[in-house]
1. Six or more apart or on different chains, Cβ atoms under 6 Å: show the pairs whose first residue is in the range 65-76 and closer than 18 Å to Ser17 by Cα and whose second is among the aromatic types (Phe, Trp, Tyr).
2. Tell me which residues, restricted to the range 1-31, are among the hydroxyl-bearing types (Ser, Thr, Tyr) and under 15 Å from the mean Cα position of the chain (by Cα).
3. Please go through the range 33-59 and pick out each residue that is among the basic types (Lys, Arg) and either modelled with pLDDT of 95 or more or under 15 Å from Gln81 (Cα atoms) (or both).
4. So, restricting to strands (runs of 3 or more DSSP E) that lie completely within the range 1-109, which ones have at least 3 residues that are open to solvent by less than 50 Å² (accessible area, probe 1.4 Å) and hydroxyl-bearing (Ser, Thr, Tyr)?
5. In the range 1-32, what count of residues is obtained for those that are within 21 Å of Ile56 (Cβ to Cβ) and either modelled with pLDDT under 95 or touching a helix residue (DSSP H, G or I) at 6+ places or on another chain (Cβ under 7 Å) (or both)?
6. Return the pair list, or none, for Cβ contacts closer than 8 Å from residues in the range 14-35 that are within 16 Å of Asp89 (Cα to Cα) to residues that are surrounded by fewer than 19 Cβ atoms within 10 Å (Cβ to Cβ) and among the aliphatic types (A, V, I, L, M), at least 6 apart or on different chains.
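The values are calculated or read from the model by the stated rules, or taken from the named source; none is laboratory data. Since the structure is predicted, the reported quantities are computational estimates derived from the model, not experimental observations. Cβ: placed from backbone, ideal geometry, glycine included. Neighbour counts: every protein chain shown. SASA here: full protein model, heavy atoms, side chains in, ligands and nucleic acids out. Shrake-Rupley method; radii C 1.70, N 1.55, O 1.52, S 1.80 Å.
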Amino acid sequence: QVQVTESGGGLVQPGGSLKLSCQASGITETIYYRNWYRQAPGKQRELVARITREGITNYLDSVKGRFTISRDDAKSAVYLQMNNLKPEDTATYYCYTEVSRGGYWGQGTRVTVSS
């Protein structure tokens with residue numbers, strides 16, 4: 001049974017930092033991409049960051065220079081270090097583990113940036 005679990009969300013003041021973690025288990029296919037998406041209330045889900053098997057990363061323009069995605073395949077984990085957080089980063093953040101024929105979503109972790 002596949003399980004994808006995010007953690008690390010919470011309430012933080014503007015300018016603060018959070019590190020999200022995503023743990024995947026039970027996946028037998030080759031994992032190609034590890035992704036972080038987010039969805040703010042009333043908005044569509046958007047891709048925030050992606051990392052390939054080779055460690056190549058891509059970021060949403062609005063988070064470039066502030067967020068860093070990394071992966072630890074030995075632990076089946078992917079992380080999102082978020083610095084200099086802004087109120088517009090408030091959203092539920094989802095981990096999406098992409099395999100050759102689709103992928104697996106986590107349940108999400110809530111991030112609220114507010115003073």
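1. These pairs meet every condition: Ser70/Tyr79.
2. Thr5, Ser7, Ser17, Ser21
3. Going residue by residue through the range 33-59, those that are among the basic types (Lys, Arg) are 34, 38, 43, 45, 50, 53.
Scanning the range 33-59 gives Arg34, Arg38, Lys43, Arg45, Arg50.
4. Values: elements: 3-7, 10-12, 18-25, 31-39, 46-52, 57-59, 67-72, 77-82, 91-99, 102-105.
Per the criteria, 91-99.
5. 6
6. What qualifies is Leu18/Val12.
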